[in-house]
Amino acid sequence: MTAEAQPISEPVKTKGTTSTFTRVARYMSLRVVMLLITTVIGVYLTILIANMGGYVDTIMRNDIRERTNATVAAMTANKSVSPDARRAMVEEMIALEEKRLGLNTPFAVRSFRYLGNALTLNLGRAIYMVSDNGSREVRNIILERLPATLLLMGSSQLFLFFFSLFVALALSRAYGSFWDKLVITLSPTSSVPPWFYGIFFILIFAAVFKILPFGGLVDAPPPDNTFDYTLSVLEHLILPASSLVIAALFLSIYNWRTFFLIYSSEDYVDMAKAKGLTSRDIERRYILRPTLPTIVTNFALLVIGLWTGATITETVFLWPGLGRTIFRAIGFYDTPVIVGTTIIYAYLLAMTVFLLDFFYAIVDPRVKVGGS
């Protein structure tokens, strides 16, 4: 009696893939919502602070009234105009100017209008500041100042980051050596702000030795050909970039050196040494690999931090970057410029934090996206 052939059943799909996709999708959605809420709150607080809770309106109204009175007085100086007519002219001009600036609307209403425009990157027009070509568009002002800031901050901060890592890793191998003690001794020098070093460098290299320029981005008038123009920019870059690097160099090396020393004392590192692995392999596989999430996090935050610039340092060196622009905007109470730079930084920070979660899951097998 022959046994009937049993049909071969198709493999049943497990729920593992579906549950993983659902878990990741739920996690991503929750993270996006939370980051969006945080961004909205941060931008709205920036709007409130930049406007001093509406007190800037009072300052602007007083400034408008003062300028209008002076303008009307000059217009009617040689004319026979009654005080009532002069007063009516002043009030009419004030009303027109307040309407142009939106001051005829309560600040509580305008604050939400500012928030909606900021979140949609409708940065609007600056109140007082203008770009070099005369535009009041906040977007044009930011785009005009951004290259100078990226040049200064990029060259100084990227050099500081990678040089500190390299030196700190070398010092972690030479714990207790002369160079290690020297870095520890010099680390308190980082308590001095970079703009102070900038003033010190200007006095020495520009005023006394006269070998480097006092400030600015390029010579005046700027060179005609590209090669001389590039050399001039690099010459002007030396002092501000050096002040930013020196102000944080030794403390950065000390922090990374201590960080690497903690991982160098782990049991698995001692076991790797007992197995006879070379120091280079130990550093690459047993020290740098576990510390990679922290290194990448610091690097990512450093990159988006380039956007804000160095406010006081750029002002000291008359560097035409975003930092100096923000400093001037604060002095002018130019809210659109302040909010415009803040919202872009907020978006960059939110995207970086969102992407770092997935990067951690790639470089660290202990981390699962959406897992406990």
Quick one: in the range 118-167, which of the residues that are modelled with pLDDT under 90 and part of a helix (DSSP H, G or I) is surrounded by the most Cβ atoms within 10 Å (Cβ to Cβ)? Ala118
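Would you be able to say whether some residue in the range 334-341 is over 25 Å from Val192 (Cβ atoms), touching a strand residue (DSSP E or B) at 6+ places or on another chain (Cβ under 9 Å), in a helix (DSSP H, G or I) and not assigned by TED's automatic domain parsing to the domain that holds Ile59? Break it down stepwise before answering.
Let us first name the residues in the range 334-341 that are over 25 Å from Val192 (Cβ atoms), namely 334-341.
Remaining after also requiring touching a strand residue (DSSP E or B) at 6+ places or on another chain (Cβ under 9 Å): 336.
Next cut, in a helix (DSSP H, G or I) only: 336.
Okay, now just the ones that are also not assigned by TED's automatic domain parsing to the domain that holds Ile59, so 336.
For the range 334-341, residues over 25 Å from Val192 (Cβ atoms), touching a strand residue (DSSP E or B) at 6+ places or on another chain (Cβ under 9 Å), in a helix (DSSP H, G or I) and not assigned by TED's automatic domain parsing to the domain that holds Ile59: present.
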Report, ordered by the first and then the second residue, all pairs with beta carbons closer than 6 Å, sequence separation of six or more or different chains, a first member in the range 262-282 that is within 20 Å of Ala168 (Cβ to Cβ), and a second member that is modelled with pLDDT of 80 or more and surrounded by fewer than 13 Cβ atoms within 10 Å (Cβ to Cβ). none
Is there any pair linking a residue in the range 55-68 that is closer than 12 Å to Glu98 by Cβ to one that is loosely packed, with under 13 Cβ neighbours inside 10 Å and of a type outside the set (A, V, I, L, M, F, W, C), with Cβ under 8 Å and at least six apart or on different chains, and which? none
Just checking, does the range 235-244 include any residue being in a helix (DSSP H, G or I), exposed (fewer than 10 other Cβ atoms within 10 Å of the Cβ) and either at negative phi or in the same structural domain as Gly323 (by TED's automatic domain parsing) (or both)? no
Single unsatisfied condition, Tyr55 versus (1) surrounded by 12 or more Cβ atoms within 10 Å (Cβ to Cβ); (2) at pLDDT 85 or above: (1)
When you check Arg257 against the structure, is it surrounded by 14 or more Cβ atoms within 10 Å (Cβ to Cβ) and basic (Lys, Arg), yes or no? yes
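Okay, residues lined up against (1) of a type in the set (A, V, I, L, M); (2) under 27 Å from Gly42 (Cβ atoms); (3) surrounded by fewer than 14 Cβ atoms within 10 Å (Cβ to Cβ):
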residue	(1), (2), (3)
Asp281	no, no, yes
Ile287	yes, no, no
Ile295	yes, yes, no
Ala300	yes, yes, no
Ile304	yes, yes, no
Val316	yes, no, no
Phe327	no, yes, no
Thr341	no, yes, no
Residue hits (the range 217-234; small (Gly, Ala, Ser) and assigned to a helix (DSSP H, G or I)) are Ser232
Are there any pairs with C-beta distances below 8 angstrom linking a residue in the range 295-306 that is in contact (Cβ under 8 Å) with a residue 60 or more places away in the chain to a residue that is in a helix (DSSP H, G or I) and among the aliphatic types (A, V, I, L, M), with the two at least 6 apart or on different chains, and if so which? Ile295/Leu165; Ile295/Leu288; Val296/Leu356; Val296/Val363; Leu302/Leu158; Gly305/Met153; Leu306/Leu150; Leu306/Met153
Go through (1) surrounded by fewer than 12 Cβ atoms within 10 Å (Cβ to Cβ); (2) within 34 Å of the chain's Cα centre (by Cα) for Ala73 and report which single condition fails. (2)
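Is one or more of the residues making up the range 91-100 in contact with a Leu (Cβ under 9 Å, 6 or more places away or on another chain) and farther than 17 Å from Ile338 by Cα? Please lay out each step first, then the result.
Here is the first cut: in the range 91-100, the residues in contact with a Leu (Cβ under 9 Å, 6 or more places away or on another chain) are 97.
Of the ones still in play, those that are also farther than 17 Å from Ile338 by Cα are 97.
Yes, because at least one residue in the range 91-100 is in contact with a Leu (Cβ under 9 Å, 6 or more places away or on another chain) and farther than 17 Å from Ile338 by Cα.
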Report, ordered by the first and then the second residue, all pairs with beta carbons closer than 8 Å, sequence separation of six or more or different chains, a first member in the range 97-110 that is among the small types (Gly, Ala, Ser), and a second member that is part of a helix (DSSP H, G or I) and buried (at least 17 other Cβ atoms within 10 Å of the Cβ). Gly102/Arg110
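Ala95: at pLDDT 90 or above and either assigned by TED's automatic domain parsing to the domain that holds Ile49 or small (Gly, Ala, Ser) (or both), yes or no? Show your work before the answer.
Numbers: at pLDDT 90 or above: yes; either assigned by TED's automatic domain parsing to the domain that holds Ile49 or small (Gly, Ala, Ser) (or both): yes.
In short, yes.
Can you tell me which residues in the range 220-234 are of a type in the set (A, V, I, L, M, F, W, C) and either more than 20 Å from Thr313 (Cα to Cα) or surrounded by 18 or more Cβ atoms within 10 Å (Cβ to Cβ) (or both)? Break it down stepwise before answering.
Kept after step one, since they are of a type in the set (A, V, I, L, M, F, W, C), are these residues of the range 220-234: 220, 227, 231, 233-234.
If the condition is that a residue be of a type in the set (A, V, I, L, M, F, W, C) and either more than 20 Å from Thr313 (Cα to Cα) or surrounded by 18 or more Cβ atoms within 10 Å (Cβ to Cβ) (or both), then Ala220, Phe227, Leu231 are the ones that fit.
Output the number of residues of the range 172-184 satisfying the condition of being closer than 13 Å to Tyr254 by Cβ, part of a helix (DSSP H, G or I) and either charged (D, E, K, R) or modelled with pLDDT under 90 (or both).
First pass over the range 172-184, keeping only residues closer than 13 Å to Tyr254 by Cβ: 172, 175, 179-184.
From what's left, part of a helix (DSSP H, G or I): 172, 179-184.
Next, only the ones that are either charged (D, E, K, R) or modelled with pLDDT under 90 (or both) stay: 172, 180-181.
The qualifying residues number 3.
Out of all the residues in the range 201-219, is one or more small (Gly, Ala, Ser), buried (at least 19 other Cβ atoms within 10 Å of the Cβ) and assigned by TED's automatic domain parsing to the domain that holds Ile312? Write out each step before concluding.
We begin by selecting, within the range 201-219, every residue small (Gly, Ala, Ser); these are 206-207, 215-216.
The next check asks that each one be buried (at least 19 other Cβ atoms within 10 Å of the Cβ); those that pass are none.
So far as the range 201-219 goes, no, none of its residues is small (Gly, Ala, Ser), buried (at least 19 other Cβ atoms within 10 Å of the Cβ) and assigned by TED's automatic domain parsing to the domain that holds Ile312.
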Is it the case that Ala272 is of a type outside the set (D, E, K, R), in the same structural domain as Thr185 (by TED's automatic domain parsing) and in contact with an Asp or Glu (Cβ under 9 Å, 6 or more places away or on another chain)? yes
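The values are calculated or read from the model by the stated rules, or taken from the named source; none is laboratory data. No experiment lies behind these values; they were computed from the predicted model shown. Quick reminder, even Gly has a Cβ in these numbers, built from the backbone with ideal geometry, and neighbours come from all protein chains shown.
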